[in-house]
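**Q** Got a structure for you, written out below as structure tokens; questions coming shortly.
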Amino acid sequence: MIRKFQLKMDTREAIAGYLFVAPLMLGLIILTLIPVLGSLLLSFTDWNFVAGLGGIRFAGVDNFIRLFHDDAFMKSLLNNLLFIITVPVTIIIALLLAILIDKQVFLKDLFKVIYFLPYISSIVAIAMVWQVMFHPSLGPVNQFLMSLGWANPPKWLADIHYALPSLMLIQIWILLGYNIIIFIAGLQSIPKDLYEAADIDGANVWRKFRNITVPCISPTTFFLLVTGVIGSFKIFDLIQVLTQGGPANSTTVIVYELYDTAFNQLKTGYASSMALVLFLICLIITALQMLAQKKWVNY
């Protein structure tokens, strides 16, 4: 009798659990899983959504062969790989600032808010601010450089050689606050006993940083590295607002190229093949990071 009652309770708890997760699972299936599978199938077709479902034609692997002969796509892939540089740069700067804010600065909460503001601000507003900052003739940046005697400073976002580095700089500025907050949480979880023992042994600041701080926050660093690299492949809004891939495709990335191909050129099948390649690149890089983390992340 008691066993039967226990089974009923277990069944009720299981049903209650399924009911709680059902809305999320339904949303995941309808809004994520089905579109992903649809995109996977469309990547093997020659189709544009204006023609309707009747216009779908099977194209095999032609879309993927075209991709690797498409100069615009290859340029966007190269730009995405260059954009990954922003991830370690942001992590290093954020770690140094987090250590300073955590230990050496008064009004810590104020600094956290100041650094975090760009992360939660509208990308459009941020883009407008930097558009003014980088204005070729009237912007404060070039005005300052000209006051120092630089007669012909770069045109930044309008310059084929400086546009991508300018966007990378803005991206670092945006993500800095988020990385600092995560690092501060990681630093505050390190046991103080370790630093006290190191002080007794006569360790200097550098040895404490290298042998205590860095190993103890390695899980935090790994989290920021993985999410940062994936995020660098998803960048779109900043480029759409500031450069729209120009000048001369110097700032185009895969997601922007995908958007332009699907919604401006109406090549839905070809754009889906770009999405699949992007997914595979992110999957491979993340898998390599997961394998490499066994050598340097301490849990």
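**Q** Being touching a Phe, Trp or Tyr at 6+ places or on another chain (Cβ under 8 Å) and of a type in the set (Ser, Thr, Tyr) is the filter here, so list the residues in segment 118-163 that pass it.
**A** Selection gives 119, 162.
**Q** Of all residues in segment 183-236, count the ones that are within 25 Å of residue 80 (Cα to Cα), of a type in the set (Val, Ile, Thr), in contact (Cβ under 8 Å) with a residue 60 or more places away in the chain and in a helix (DSSP H, G or I).
**A** Looking only at that region, the number is 3.
**Q** Another question, then. Checking the conditions here, which among 114, 34, 101 is among the aliphatic types (A, V, I, L, M), assigned to a helix (DSSP H, G or I) and in contact with a Lys or Arg (Cβ under 7 Å, 6 or more places away or on another chain)?
**A** Among 114, 34, 101, only 101 is among the aliphatic types (A, V, I, L, M), assigned to a helix (DSSP H, G or I) and in contact with a Lys or Arg (Cβ under 7 Å, 6 or more places away or on another chain).
**Q** Return only the number of the condition from (1) of a type outside the set (Ser, Thr, Tyr); (2) buried (at least 20 other Cβ atoms within 10 Å of the Cβ); (3) in contact with a Pro (Cβ under 9 Å, 6 or more places away or on another chain) that residue 216 does not satisfy.
**A** Evaluating residue 216 over (1) of a type outside the set (Ser, Thr, Tyr); (2) buried (at least 20 other Cβ atoms within 10 Å of the Cβ); (3) in contact with a Pro (Cβ under 9 Å, 6 or more places away or on another chain) leaves (2) as the failure.
**Q** Name the residues in segment 245-299 that are β-branched (Val, Ile, Thr) and at pLDDT 90 or above, would you?
**A** If the condition is that a residue be β-branched (Val, Ile, Thr) and at pLDDT 90 or above, then 251, 252, 253, 254, 255, 261, 268, 277, 281, 284, 285, 286 are the ones that fit.
**Q** Residue by residue through segment 94-115, note down the ones that are crowded, with 16+ Cβ neighbours inside 10 Å and at pLDDT 90 or above.
**A** 94, 95, 97, 98, 99
**Q** Hey, another quick one. Sort out which residues of segment 180-198 are over 11 Å from residue 216 (Cβ atoms), open to solvent by less than 50 Å² (accessible area, probe 1.4 Å) and touching a Lys or Arg at 6+ places or on another chain (Cβ under 8 Å), and write them in order of number.
**A** Selection gives 180, 184, 198.
**Q** Taking residue 173, is it under 22 Å from residue 90 (Cβ atoms) and either in contact with a helix residue (DSSP H, G or I) (Cβ under 9 Å, 6 or more places away or on another chain) or in a helix (DSSP H, G or I) (or both)?
**A** It is true that residue 173 is under 22 Å from residue 90 (Cβ atoms) and either in contact with a helix residue (DSSP H, G or I) (Cβ under 9 Å, 6 or more places away or on another chain) or in a helix (DSSP H, G or I) (or both).
**Q** OK, next. Working only within segment 138-173, note down all residues that are without any contact (Cβ under 8 Å) to a residue 60 or more places away in the chain and either open to solvent by less than 60 Å² (accessible area, probe 1.4 Å) or within 30 Å of residue 108 (Cα to Cα) (or both).
**A** If the condition is that a residue be without any contact (Cβ under 8 Å) to a residue 60 or more places away in the chain and either open to solvent by less than 60 Å² (accessible area, probe 1.4 Å) or within 30 Å of residue 108 (Cα to Cα) (or both), then 139, 140, 141, 142, 145, 153, 154, 156, 166, 169, 173 are the ones that fit.
**Q** Same structure again: When only residues in segment 227-261 that are of a type outside the set (Gly, Ala, Ser) and touching a Ser or Thr at 6+ places or on another chain (Cβ under 6 Å) count, which is farthest from residue 91 (Cα to Cα)?
**A** Checking each candidate, the answer is 257.
**Q** How many of the residues making up segment 116-141 are closer than 17 Å to residue 176 by Cβ and over 23 Å from the mean Cα position of the chain (by Cα)?
**A** So the answer is 1.
**Q** Here is a follow-up. Restricting attention to segment 199-209, which residues are aliphatic (A, V, I, L, M) and open to solvent by less than 50 Å² (accessible area, probe 1.4 Å)?
**A** The answer is 203, and nothing else.
The values are calculated or read from the model by the stated rules, or taken from the named source; none is laboratory data. Since the structure is predicted, the reported quantities are computational estimates derived from the model, not experimental observations. Reconstructed Cβ throughout: ideal geometry from the backbone, glycine too, with neighbour counts over all protein chains shown. Side chains are part of the model used for accessible areas, which takes the heavy atoms of the whole protein and leaves out ligands, DNA and RNA. Shrake-Rupley method; radii C 1.70, N 1.55, O 1.52, S 1.80 Å.
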